[in-house]
Amino acid sequence: GTCSFHRWSDWLEVMANTDSEEDEVEEPDFVPPPPSKVVRTQRQSVSAEAFGEWNQRVVFEPPVYPKTPDQSQELLEVTSRSFLFTSLEEKDLRVVMAAMKGPLILEPGMRIIQEGDAGDALYVVTEGEMDCIKIIDGVEMVVKTCVKGDLFGELALLYNCPRAASVQCREAAVLWELDRATFNNIVMEGVQRKRNQCLTVLSSVPLFAEISRTELENIIDALKLERRPHGDVIIRQGEVGEHFYIVYEGQVMASKVTEESPDPVMMIHEAGDYFGELALILDAPRAASVVASSEPEVCLLSMDRATFKRITGEHSALHGYLEANKSRYE
């Protein structure tokens, strides 16, 4: 027969609100194959996502929350550098930004996520600090601190699992919230593909050889994506170092000049190589300059000094490997 519903979502609403198990609803012709009888247990689990990407995209209408130009620009800068959103095209990134609800103002001590709860949103930090807290041996311990530019809460959405940690405000903070439905419809597929690619790259880096997959997931969350054009100076010999880098795609050229050797000593770093750690380990100036050498750009994963110190402090295997390989620049 002819479908009497104008939108697929109208039919879902009727299905979800039907009280009697014996009631039958004529189903739209375009759902293959139509079940002979729809029982209540099936109705409760009906969702647009279950019927394929085409229907899902037609039905879903992301929310739009108004923002000032400054707020929009700040969110664009934060999300475009976050590894979680790097797989999105610009138009999808703008949809995600528009769907972010906020600003949410938190005071110190306020808890926005509780370990073990179901997760229905992720959060982006644009001001302040948020502590991630896990119960270890019966005691709540701070395992990570999120600062401006970080996000948290995505793992429960990615893997449909309970919250792995509580998150509590350490220093007055401003957050933006992205709901599960927008994440599932706009972000999910690209994020899973990008995270798997990154896990493959990091797993092949000798530095991370002794790190578990779960620990690598946490390291990925701390990384920012940087695209640098050919010829761009990424670090300069003699300057103070603030970041650690992993080459994700492309090539960089490191060069070092010494009193003994005025002609620069050159070294190429390719995908999977890392650089910039020495200045952070030794609290010393940069030992070499590094320039983007691949055309048209190089894609890097970067980590700031505070995050690098925290992660290498948490993982003795990382710290040991870095200490043992300091001589590679000599």
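Place the peptides 96-105, 169-178, 199-208, 62-71 in order of packing, highest mean first, counting for every residue the other Cβ atoms within 10 Å and averaging per peptide.
169-178, 96-105, 199-208, 62-71
How fast does region 253-292 diffuse by Stokes-Einstein, in µm²/s, taking the Kirkwood radius from C-alpha pairs at 25 °C and 0.890 mPa s?
My calculation gives 221 µm²/s for D.
Rounded to the nearest 20 debye, what is the charge dipole size of region 261-330 about its Cα centre when +1 sits on each Lys and Arg Cβ and -1 on each Asp and Glu Cβ?
With only Lys, Arg, Asp and Glu charged at Cβ, the dipole is about 300 debye.
What is the magnitude of the charge dipole of region 152-193 about its Cα centre, with +1 placed on the Cβ of each Lys and Arg, -1 on the Cβ of each Asp and Glu, and no other charges, expressed in debye to the nearest 20?
120
Taking the alpha-carbon set of region 198-330, what are its Rg and Dmax in Å?
14.3, 45
Solvent-accessible area of residue 269, probe 1.4 Å, all protein chains present, reported in Å² to the nearest ten, please.
Result for residue 269: roughly 0 Å² accessible.
Semi-axes of region 49-205's equivalent ellipsoid from the Cα gyration tensor, sqrt of 5 times each eigenvalue, largest first, rounded to whole Å?
25, 20, 16
Note down the nm distance, to one decimal, between modelled labels 7 Å out along Cα→Cβ at residue 91 and at residue 73.
2.6
Once neighbouring chains are kept in place and the probe is 1.4 Å, which whole percent of the accessible area of region 55-138 is contributed by carbon and sulfur?
Roughly 51 percent of what the probe reaches on region 55-138 is carbon or sulfur.
In Å, what Rg and Dmax follow from the Cα atoms of region 158-259?
Both quantities, over Cα of region 158-259: 18.0, 60 Å.
The values are calculated or read from the model by the stated rules, or taken from the named source; none is laboratory data. Everything quoted here is computed from the prediction, not taken from an experiment. Virtual Cβ from ideal backbone geometry, glycine too; neighbours counted across all protein chains shown. Ligands, DNA and RNA are stripped out before the accessible areas are found, and what is left, the full protein with its side chains, is counted by its heavy atoms. Shrake-Rupley method; radii C 1.70, N 1.55, O 1.52, S 1.80 Å.
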